[in-house]
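Please read the structure below before turning to the comments.
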Amino acid sequence: MKAIAILETGEREVMQCLDLPIPPIQSDEILVKNQATGINFVDTYICRGFKGYFPDKFPHILGIEGAGIVSKVGNDVTDFQEGDRLCYVYTGSGSYAEYTAIKAERAILLPNTIDYETACCLLQGITAQFLTHSTFPLQPDNKVLIHAGAGGVGLMIIQMAKILGAMVITTVSTSEKAQLVSDYGADEVIIYTQDDFADEVMAITQGVGVDVIYDSVGANTFEKDLKALANRGYLVLFGQSSGFVPDFDLNRLCNRGNEGGSFFITRPTIKHYIQGNQLRQRARVFFDYILSGKLKILIGQKYQLEDAPQAHQAIASRSTIGKSIFYL
Ligand SMILES: NC(=O)c1ccc[n+]([C@@H]2O[C@H](COP(=O)([O-])OP(=O)(O)OC[C@H]3O[C@@H](n4cnc5c(N)ncnc54)[C@H](OP(=O)(O)O)[C@@H]3O)[C@@H](O)[C@H]2O)c1
């Protein structure tokens, strides 16, 4: 089968399009013939071998989510059969490939009306869901700041925050992205390449700050986040698109001079929010939002597998909007 794999970590040039054997399955696994697979920012961390994201073996087929048709089931798998339509996240043999072997517990049967391209937005959808419903469950009177609003996760957080009734402020790099996030429901948009986002947040909130910040940018935004939070505000740091946040003195949560403090910081990761039946519960909420018309999915970029290096280049250079996928 055709697959995009790496034999060593490094910049996107280390990706190779190889002809590899179809992966064997264990008794608790399913072989999926992928129809569309998702490209995620984390794939770039794995390709580059960042600390905490280093592949456990080579060749390593990249990709952690996809959607397709069940081609074969292991002996112990009872809830799926050949021909079923499903999507999946994590615990697989790699989804930048024609076939992926996945643990049955990480598979979700697709509603008839959800197509494969939409289904392979699952990881970003579940991320937005757990951040807004569980990490900091949003209330109607909350004011929220969302960084990278025009990104895959960002657009979904904006929409879920609006569904939950919050007031949404978001940051983007360009005026084109600013128009996009407004179209997806943001109340206030800050073009951070033109204006200081912390100053703008304070102006918008009449000097109070926001109740919660959902920050996937990391190094470049962290310090200013502390200036944009309300007293007892939550900083939900869930990614590091610009690099890891440096070591931090916890005493700084206490105050920032006369202006406020008693902040909370958390660094959630999806793995701890999809254990047991949580994956399927969160997926159901995500699909229900789509099917009821409350959540719009934007697939901004579509690639063939061979174009994986260009796909990673586009993500790293901030030129993408919404979701990036491979179609097979
Ligand atoms: N914790 C979790 O479980 C979890 C799950 C899913 C994703 N994530 C994280 O969420 C983040 C967003 O993922 P995504 O797939 O939806 O990607 P994305 O938001 O579609 O792309 C990243 C966006 O971040 C912004 N950005 C700011 N500084 C950047 C920099 N130095 N390099 C590249 N981009 C920069 C860019 O938007 P502007 O042009 O507007 O600046 C860019 O378009 C990633 O950090 C990812 O690791 C975490």
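Regarding region 69-81, can at least one residue be identified that is in contact with a Leu (Cβ under 7 Å, 6 or more places away or on another chain), of a type in the set (Gly, Ala, Ser) and at negative phi? Yes, the conditions are met somewhere in region 69-81. When residues in region 98-119 are screened for being within 18 Å of residue 285 (Cα to Cα) and assigned to a loop (DSSP other than H, G, I, E, B), 6 of them pass.
Entry remark, region 140-187: residues being over 18 Å from residue 122 (Cα atoms), open to solvent by 10 Å² or more (accessible area, probe 1.4 Å) and within 7 Å of the ligand (Cβ to nearest atom) number 4 in total.
Has region 214-223 got at least one residue that is surrounded by fewer than 22 Cβ atoms within 10 Å (Cβ to Cβ), touching a residue at least 12 places away in the same chain (Cβ under 8 Å), assigned by TED's automatic domain parsing to the domain that holds residue 144 and part of a helix (DSSP H, G or I)? Yes, because at least one residue in region 214-223 is surrounded by fewer than 22 Cβ atoms within 10 Å (Cβ to Cβ), touching a residue at least 12 places away in the same chain (Cβ under 8 Å), assigned by TED's automatic domain parsing to the domain that holds residue 144 and part of a helix (DSSP H, G or I).
Being in a strand (DSSP E or B), within 16 Å of the ligand (Cβ to nearest atom) and of a type outside the set (A, V, I, L, M, F, W, C) is the requirement here; does residue 66 meet it? Taking the combined requirement at face value, the residue satisfies it. Reported count of residues in region 292-328, each being closer than 18 Å to residue 155 by Cβ and in a strand (DSSP E or B), is 8. Here is the figure for region 28-54: residues that are over 13 Å from residue 324 (Cβ atoms), within 16 Å of the ligand (Cβ to nearest atom) and assigned to a loop (DSSP other than H, G, I, E, B) total 6. Among the residues of region 263-291 satisfying the criterion of being in a loop (DSSP other than H, G, I, E, B) and within 14 Å of the ligand (Cβ to nearest atom), which is farthest from residue 156 (Cα to Cα)? Per the stated criteria, the residue is 275. Exactly one residue out of 211, 195 is over 30 Å from residue 48 (Cα atoms), among the acidic types (Asp, Glu) and buried (at least 18 other Cβ atoms within 10 Å of the Cβ): that is 211. Just wondering, is there one or more residues in region 274-297 that are over 22 Å from the mean Cα position of the chain (by Cα), open to solvent by less than 50 Å² (accessible area, probe 1.4 Å), modelled with pLDDT of 95 or more and not assigned by TED's automatic domain parsing to the domain that holds residue 95? No: region 274-297 contains no residue that is over 22 Å from the mean Cα position of the chain (by Cα), open to solvent by less than 50 Å² (accessible area, probe 1.4 Å), modelled with pLDDT of 95 or more and not assigned by TED's automatic domain parsing to the domain that holds residue 95.
The values are calculated or read from the model by the stated rules, or taken from the named source; none is laboratory data. Just so you know, these numbers come straight off a predicted model, no measurement behind them. Cβ atoms come from the backbone with ideal geometry, glycine included; neighbour counts cover every protein chain shown. Heads up: the accessible areas ignore ligands, DNA and RNA and are worked out on the full protein's heavy atoms, side chains in. Shrake-Rupley method; radii C 1.70, N 1.55, O 1.52, S 1.80 Å.
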